[in-house]
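First comes the structure, then the notes that go with it.
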Amino acid sequence: MRILAVDHGEKRIGLAISDPTGTIANPLTVIQHVSRAIDAAQVATLAAENDAGLIVIGQSFNEDGQPNLEGRRAARFAEALHTQTDLPVELWDESFSTQKARAARIQMGVSRKKRAGHLDEIAATVILQSYLDAHPQKNS
């Protein structure tokens, strides 16, 4: 089963998709934020176009383990997405996904100049790979 992951941001939304076996996460695209309803419709359409069976949305937390401002926005986005698709939608801890995405680009040897910019789809890939690694039973 393919799984679509979402790194929800205020300006951009990074998306990643798993391979058909649900083992490997790959960057998909970045969409620009318009409104919650329009963004949710775009994500639902991309999920359908890519034959996803599940949508995972990254959610961030504060030091006390409670959703922070961005985490609450992600939860509201998940609710909006429920109105656009019948696919199951799960929230997944995205802690440090952007830092891990940045580190991955450094490890791949991307120059400092080319590393400047957005990491949204790579962060979505980090979120998705974390989810896939933690849920091997869903990989069939």
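When residue 108 is evaluated against the numbered criteria (1) modelled with pLDDT under 95; (2) surrounded by 15 or more Cβ atoms within 10 Å (Cβ to Cβ), which criterion, by number, is the only one it fails?
Every condition holds for residue 108 apart from (2).
Which numbered condition in (1) at pLDDT 95 or above; (2) under 15 Å from the mean Cα position of the chain (by Cα); (3) β-branched (Val, Ile, Thr) is the only one that residue 83 fails?
Only one criterion is unmet by residue 83, namely (2).
Just a yes or no: is a residue in the stretch 76-83 touching a Leu at 6+ places or on another chain (Cβ under 8 Å) and small (Gly, Ala, Ser)?
yes
Yes or no: residue 71 over 16 Å from residue 132 (Cβ atoms) and touching a helix residue (DSSP H, G or I) at 6+ places or on another chain (Cβ under 8 Å)?
Spelling it out, it is not the case that residue 71 is over 16 Å from residue 132 (Cβ atoms) and touching a helix residue (DSSP H, G or I) at 6+ places or on another chain (Cβ under 8 Å).
Condition check: free of Cβ contacts under 8 Å to residues at least 12 places away in the same chain and surrounded by 14 or more Cβ atoms within 10 Å (Cβ to Cβ). Does residue 82 satisfy that?
yes
Please tell me if residue 70 is more than 17 Å from residue 42 (Cα to Cα), at pLDDT 90 or above and assigned to a helix (DSSP H, G or I).
Here the answer is yes, as residue 70 does meet what is asked.
Looking only at the stretch 42-53, decide whether some residue is surrounded by 20 or more Cβ atoms within 10 Å (Cβ to Cβ), polar (S, T, N, Q), in contact with a Lys or Arg (Cβ under 9 Å, 6 or more places away or on another chain) and in contact (Cβ under 8 Å) with a residue 12 or more places away in the chain.
Looking for residues that are surrounded by 20 or more Cβ atoms within 10 Å (Cβ to Cβ), polar (S, T, N, Q), in contact with a Lys or Arg (Cβ under 9 Å, 6 or more places away or on another chain) and in contact (Cβ under 8 Å) with a residue 12 or more places away in the chain, one finds none in the stretch 42-53, hence no.
The values are calculated or read from the model by the stated rules, or taken from the named source; none is laboratory data. Please read these numbers as outputs of a predicted model, since none were measured by experiment. Don't worry about glycine lacking a Cβ; one is built from the backbone with ideal geometry, like all the others, and counts go over all protein chains shown.
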